[in-house]
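Structure first, then comments.
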Amino acid sequence: MNYTIRIKRQENQQASPCWQEFSFEGSADTSIASVLNELNHRSPLCEKSGTVVSPIAWECGCMIRKCGACAMRINGLPRLACSVFLRDCKGSVVTLEPLSKFPLVKDLVVDRSVIFEALKRTKLWLEGDAFQTSYTHSQRYQSAKCLLCGCCLEVCPNFDPNSEFAGAVLPVNAYRILNEEQDIAHQTELANAYRQLYFEGCGKSLACQDICPAGIPVEELMSRSNAAAVWKR
């Protein structure tokens with residue numbers, strides 16, 4: 001089947017964006033990541049108009065939905081390019097854009113360092129020995145599945161990279177530390193940061209619940225993290 005791949009291109013944050021269209025002929029079982037790889041292997045890479053253009057900048061690390069690097073907007077929704085296939089796009093035109101809530105680096109590449117900075121500000125690590133129980137094993141496993149891809153933040157109406165609010169990434173990842181930390185002083189410090197950087201800013205829209213590419217039960221982990229950091233204090 002013949003597809004038209006529309007890609008929003010931009011050299012950097014200061015440059016003006018533009019749209020470029022490329023033809024792709026292939027199976028509906030082809031992933032968006034594979035489409036981008038195929039386009040970039042063309043020499044030269046030409047638009048549908050015949051104009052020669054530079055290779056498309058995008059990120060990937062694993063190609064098996066384990067790293068989250070290939071997150072982008074696909075037909076308007078934040079998704080992972082490695083786990084979305086042409087058959088999922090419902091039509092012959094596929095539109096690719098960078099995530100809009102993070103600083104642009106180039107083309108489909110954005111700077112998601114704000115995610116990691118939020119986790120660092122929360123001091124999301126253990127200071128003491130980890131306390132673990134089989135009762136929370138399933139939830140801790142789900143928490144550890146977070147890819148830090150940013151898809152949940154892209155759809156969150158409360159998230160702004162220039163604000164303190166860290167979004168769903170924080171309660172999902174905080175669950176493990178809040179339930180494993182035995183150092184009382186650090187647990188209290190973590191709980192205070194959690195209230196400031198997440199709890200006080202969340203509007204409970206739960207748009208993050210359905211968009212997570214890892215299928216994490218975001219709402220459940222939010223509730224459990226809230227209970228550990230807020231209601232027990």
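Can you sort M63, M72 by solvent-accessible area, 1.4 Å probe, largest first?
Highest to lowest solvent-accessible surface, that is M63, M72.
Which value, in Å² rounded to 10, gives the accessible area of K101 with a 1.4 Å probe and all protein chains present?
50
Mean separation of Cα pairs under 8 Å and 6+ residues apart, divided by the residue count of the chain: what relative contact order is that in percent?
Reported as a whole number, the value is 18 percent.
Treating the angle as unsigned and between 0 and 90°, give the value, to the nearest 10°, between the Cα long axis of helix 169-180 and the longest Cα principal axis of the chain.
30
Along the charge dipole of the chain, pointing to its positive end and built from +1/-1 on Cβ of Lys, Arg, Asp and Glu, which listed residue (N162, N2, S34) has its Cα farthest out?
With unit charges placed on the Cβ atoms, the residue in question is N2.
Nearest 0.05, what FRET efficiency do T51 and S83 give at R0 = 25 Å with Cβ-Cβ as r?
Approximately 0.20, to the nearest 0.05.
As an exercise, identify the chymotrypsin sites (Phe, Trp or Tyr not before Pro) in the stretch 1-84 lying in DSSP coil whose Cβ has no more than 10 other Cβ atoms within 10 Å.
none
Percent of accessible area on the stretch 92-160 owned by carbon and sulfur, 1.4 Å probe?
Summing carbon and sulfur atoms, their accessible area is 53 percent of the total for the stretch 92-160.
Could you check the simple spin-label distance between L126 and A207, using points 7 Å along Cα→Cβ, in nm with one decimal?
Spacing of the two 7 Å Cα→Cβ label points: 3.6 nm.
Can you put T122, T51, T133, T95 in order of accessible area, largest first, using a 1.4 Å probe?
Order by accessible area, largest first: T51, T133, T95, T122.
How large is the accessible surface per residue of the chain, computed with a 1.4 Å probe and reported in Å² as a whole number?
49
Using only C-alpha atoms and all pairs of different ones, pull out the Kirkwood radius for the chain in Å with one decimal.
That comes to 19.1 Å for the chain.
Is the stretch 128-210 best put as rounded, prolate or oblate by its Cα gyration tensor, with a ≥ b ≥ c the root eigenvalues, rounded for a/c under 1.5, and otherwise prolate when a/b is larger than b/c, oblate when not?
Oblate shape, in that a/c is at least 1.5 and b/c is the bigger or equal ratio.
Lysine pairs, Cα distance under 17 Å, 8 or more residues apart or cross-chain: how many in the chain?
4
The values are calculated or read from the model by the stated rules, or taken from the named source; none is laboratory data. These numbers were taken from a predicted model, which means no experiment stands behind them. Backbone-built Cβ (ideal geometry, glycine too); neighbour counts: all protein chains shown. Just so you know, the surface numbers come from the protein's heavy atoms only, side chains and all, with ligands and any DNA or RNA stripped out. Shrake-Rupley method; radii C 1.70, N 1.55, O 1.52, S 1.80 Å.
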